[in-house]
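Report on the structure given below.
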């Protein structure tokens, strides 16, 4: 018998890529589904509106908190171990979270789940870049963008289906099998990195300051609209403390250079501008993930399941646009792909803002949603791919962490601005419309008379005038709400146009193995000519 040692277990890199894409998917899906199911969660643990508002903040603040340490840990122990640790923590907390009987244990589990899932997205791009040949990077980036957008827009349908058929607990239990599949793919698809003989821990001051500062700023942004921003001492304190901690971390990084986070290289031109574009793009995505659902619920009175059916029309087409985006990235300058996406988003939002009425439903949004789906995939894929082409190989982890920070902060800043814009816009429009509703004026009297004729046969004696007045107030409120959403779509269209201007400032990406040579015309050999 031969004494040759057994072959080492075969490593399948595509399983490792599948694992990190699983992670990017559930990291976004878990927070988004909780948003739609928040009312059910509050009712299950008997929490009020103000108390329950911290449920989502706890998870996303945990994701922001762990980002700096995730980068360092992956550099020391390897992405495989860090991802397995994170997926294991996430699976355990998501499994036990529905058994929480009160708010305190639920917030604790949400925070731990955020820490577990917070390592997924910063490490997704580095793993994709390391496990695939450069000529396939464009496809990996397109699928990465697809994951983020798909999970963002299918969550409403999933949440409604769980509530109707199994209960709110499945909002969290759905993540357990995905996390376990992720662990299995990591074990079979990524090689284990040898443990270092000597682990050099990061300077605690810089790492802790950056983590706490980012988490505090995120929490302030998440709660700011509810607490009326600078009118709240808590928001002012969180913003001030977070800003001081971030500044201290940056000063410490200059005085004590890090061996695991290369901020100066990570912010070399044009990466800061591209990260800014990622932040801005997260705002434009809110046109479908926030404005359309809020319009259907506030103006049309749709239920969550009906809203989910509408959002599916932007999620499903991305299964087609993702490979199309990859083909564009391989065959043309990635800036053109991003520009085409931004133009599509701006056009879709402008069409909605110019034509939307109070009678619109999911069918009326369909055409612009298809255009929006194409634009979002193209813009996000093009911007990230442009950043990768400009990126130095040694800063893959740094770029992944900066991208995660831009993604989370961009989404939260965009949501806070959009919520504030819609709320204040409705108040301003209601005030302007109300000025034209004058008691005793002919138009007002005629409208009240029409409403009285409408409700008169079904109203008790003496209540006709009151019900007619309530209908008039409802009409004013509806018109004000519609106008606020129109202003929101106009704003997102304007932001997309400004992002397009910023994109012009990005220099052309260098050619390399990640890009294919552009299409060339066929050369036909003619008789008598040398080929």
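Where a number appears in this text, it was derived from the coordinates with a stated rule and is not lab data. Treat the numbers as computed from the prediction; the structure is a model and nothing was measured. Glycine gets a Cβ as well: all are built from the backbone with ideal geometry, and neighbour counts include every protein chain shown.
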(request) Arrange 94, 412, 419 by Cβ neighbour counts within 10 Å, fewest through most, would you? (result) 419, 412, 94
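From the helices alone, meaning DSSP H stretches of at least four residues, give me the mean residue ellipticity at 222 nm for the chain, per-run term -39500 (n - 2.57), in deg cm²/dmol to the nearest 500. List each step's numbers first, then the result.
Numbers: 22 runs with 398 residues, N = 531.
Helix-only estimate at 222 nm: -25500 deg cm²/dmol.
What ranking of 157, 334 emerges when the number of other C-beta atoms within 10 Å of each C-beta is taken as an exposure proxy, fewest first? List each step's numbers first, then the result.
Working: 157 21, 334 28.
So the residues, fewest neighbours to most, are 157, 334.
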(request) Could you state the angle between the C-alpha long axis of helix 103-117 and the longest principal axis of the C-alpha atoms of the chain, as a value from 0 to 90 degrees rounded to the nearest 10? (result) 40 degrees
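Please compute one quarter of the surface area of the Cα convex hull for the chain and express it in square nanometres.
Values: hull surface 149.3 nm².
Reported value for the Cα convex hull: 37.3 nm².
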(message) Taking the Cα centroid of the range 289-366 and of the range 56-110, what is the distance between the two, rounded to the nearest whole Å?
(response) 31 Å
(message) Using Cβ counts within 10 Å as a stand-in for footprinting exposure, how do 391, 453 rank, fewest first?
(response) 453, 391
(message) Let me check against my output: what whole-number percent is the relative contact order of the range 11-192, with C-alpha pairs under 8 Å and at least 6 apart?
(response) 45 percent
(message) Below 8 Å, C-alpha to C-alpha, sequence gap of six or more: please give me the relative contact order for the chain in percent.
(response) 21 percent
(request) Can you tell me the 0 to 90 degree angle between the C-alpha axis of helix 120-131 and the longest principal axis of the chain, rounded to 10? (result) 40 degrees
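So, R0 is 30 Å and r is the distance between the beta-carbons of residue 363 and residue 454; what FRET efficiency does that work out to, to 0.05? Could you put the intermediate results ahead of the total?
Numbers: r = 27 Å, r/R0 = 0.89.
Efficiency, from the Cβ-Cβ distance: 0.65.
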(request) Could you work out how far helix 442-455 tilts from the main Cα principal axis of the chain, as a 0 to 90 degree angle to the nearest 10? (result) 90 degrees
(request) Provide the gained length on full extension for the span residue 251 to residue 88, in nm with one decimal, where the gain is 0.36 nm per separating residue minus the Cα-Cα distance. (result) 55.2 nm
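If you stretched the chain out fully between residue 428 and residue 164, how much longer would it get, using 0.36 nm times the residue separation minus the C-alpha to C-alpha distance? Kindly include the intermediate steps, with their values, before the conclusion.
Numbers: separation 264, 0.36 × 264 = 95.04 nm, distance 3.78 nm.
Gain on extension, residue 428 to residue 164, equals 91.3 nm.
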